[in-house]
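The values are calculated or read from the model by the stated rules, or taken from the named source; none is laboratory data. What you see is a predicted model, and the numbers here were worked out from it, not measured in a lab. Here the Cβ is made from the backbone with ideal geometry for all residues, glycine too, and neighbour counts use every protein chain on show.
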Amino acid sequence: MRTLENFPRVRLGLFPTPVHKLENISLLLHRNIFIKRDDLTGLGLGGNKIRKLEFLLADARAQGAEIVFTTGGAQSNHAMLTAAAAGKLGMKAVLVLKKRGVTECVGNQFLERLMGTEVRFVDTDDYADIYAEMDRIGKEYGQPYYKIPCGGSNALGSLGYVDCAREIAGQGLHFDHIVCAEGSGGTMAGLALGAKLFLPGTKVHGMMVDTDPFDRITPALMREAAQLLGISMEITQQDFSLRDMCGPGYAIPSEAGNAAVTLMAEREGIFLDPVYTGKAFAGLLEMAEEEVFEEKENILFLHSGGAGGLFAIQ
């Protein structure tokens, strides 16, 4: 078995991120609700992608890349944070983004302009077309380049959240449940694999904010990450649960998600976003109402960031 320390890594974030109880929401729900503040990872506006990028950009450096490509929607938090991390490491980021969502200079688009990031839009949902465009631009520049998938969600990026599970295990509390947003699969897969390794008795729940087949994506990424670590273990859909919180569509705010954003802001002074964490916390609220959680259990909500989205969507 390889340990996480065996993998090259660049230090980008401020870890460990805090865990604390949401006292007011716990009283409201009659449950023990805690939050893991991965919105405070330190770079840019913080967020879950920093953990993934520590592994992915180390690999890019090891391969001699001077340019880093990634993709996502117009307001992709991952794309914005990739640009921030690449700049910190002296690498050039080129974002090849789907022309979907809010493309005006607001939210993450404004932050990318502030960083001087090169952004190119493509009018397609086909990732094969997007990666082909990256190759075309890479040849245009004539410099070594590295392609990071949407959300940083491959096996290597998922190791960032295997490590997060190990971090949670060392923070002094046992959690019966962990709830997180699932938008591209890597965070959820890493947490679920990490729970099997470091958090016995903890069930991980993914709140799906997109329509991708996460019932297949999640276990596949878990298996690939386990292979990277040299671990042989059975991985099935019983190792996690999924809940559809997409609402009217990806990157389209939902009524339940907006209500959850408002509740967290009013009761705890913490800001969620309408695309990922708002919908994910709405899922936690539904699970509490359905009595999925028992009264004495400890529930941990992973705040995966995304504040930039608040300034792009009405």
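Annotations
- Residues in region 250-285 that are of a type in the set (Ser, Thr, Tyr) and in contact (Cβ under 8 Å) with a residue 24 or more places away in the chain: 250, 254, 276, 277.
- Region 221-276: number of residues that are of a type outside the set (Phe, Trp, Tyr) and either touching a Cys at 6+ places or on another chain (Cβ under 8 Å) or under 22 Å from residue 210 (Cβ atoms) (or both): 33
- Taken residue by residue, region 269-276 has at least one member that is within 26 Å of residue 81 (Cα to Cα), among the small types (Gly, Ala, Ser), part of a loop (DSSP other than H, G, I, E, B) and out of contact with any strand residue (DSSP E or B) (no Cβ under 6 Å at 6 or more places or on another chain).
- Residue identified as surrounded by fewer than 17 Cβ atoms within 10 Å (Cβ to Cβ), aliphatic (A, V, I, L, M) and modelled with pLDDT of 95 or more among 159, 199, 173: 173
- Selection of region 18-55 for residues being polar (S, T, N, Q), crowded, with 24+ Cβ neighbours inside 10 Å and more than 15 Å from residue 162 (Cβ to Cβ) yields only 41.
- Residue check for residue 55: part of a helix (DSSP H, G or I) and farther than 21 Å from residue 184 by Cβ: no
- Hey, residue 85 small (Gly, Ala, Ser) and outside the structural domain of residue 230 (by TED's automatic domain parsing) or not: yes
- Subset tally (residues that are hydrophobic (A, V, I, L, M, F, W, C), in contact with a Gly (Cβ under 7 Å, 6 or more places away or on another chain), modelled with pLDDT of 95 or more and farther than 25 Å from residue 55 by Cβ) for region 214-255: 1
- The residues listed here are 301, 281, 293; of these, the one that is buried (at least 18 other Cβ atoms within 10 Å of the Cβ) and farther than 25 Å from residue 151 by Cβ is 293.
- Given (1) more than 13 Å from residue 183 (Cβ to Cβ); (2) small (Gly, Ala, Ser); (3) surrounded by 15 or more Cβ atoms within 10 Å (Cβ to Cβ), number of the condition residue 230 does not satisfy: (3)
- Any chance residue 112 is exposed (fewer than 15 other Cβ atoms within 10 Å of the Cβ) and either out of contact with any Asp or Glu (no Cβ under 7 Å at 6 or more places or on another chain) or not assigned by TED's automatic domain parsing to the domain that holds residue 13 (or both): no
- Scanning region 151-194 for residues that are polar (S, T, N, Q) and either farther than 23 Å from residue 296 by Cβ or not in a loop (DSSP other than H, G, I, E, B) (or both) turns up 153, 154, 158, 184, 187.
Conditions tested, residue by residue: (1) under 19 Å from the mean Cα position of the chain (by Cα); (2) at pLDDT below 95; (3) assigned to a loop (DSSP other than H, G, I, E, B); (4) surrounded by fewer than 18 Cβ atoms within 10 Å (Cβ to Cβ).
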{"site": "15", "(1), (2), (3), (4)": "yes, no, yes, yes"}
{"site": "60", "(1), (2), (3), (4)": "no, no, no, no"}
{"site": "79", "(1), (2), (3), (4)": "yes, no, no, no"}
{"site": "85", "(1), (2), (3), (4)": "yes, no, no, no"}
{"site": "90", "(1), (2), (3), (4)": "no, no, yes, yes"}
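- One residue from 130, 168, 137, 178 being buried (at least 18 other Cβ atoms within 10 Å of the Cβ), outside the structural domain of residue 16 (by TED's automatic domain parsing) and of a type outside the set (Ser, Thr, Tyr): 130
- Among the residues making up region 109-150, those that are assigned to a loop (DSSP other than H, G, I, E, B), out of contact with any His (no Cβ under 9 Å at 6 or more places or on another chain), under 17 Å from residue 83 (Cβ atoms) and in contact (Cβ under 8 Å) with a residue 40 or more places away in the chain are 143, 149.
- Qualifying positions in region 24-50 - in a helix (DSSP H, G or I), touching a residue at least 24 places away in the same chain (Cβ under 8 Å) and over 17 Å from the mean Cα position of the chain (by Cα): 24, 25, 28, 29
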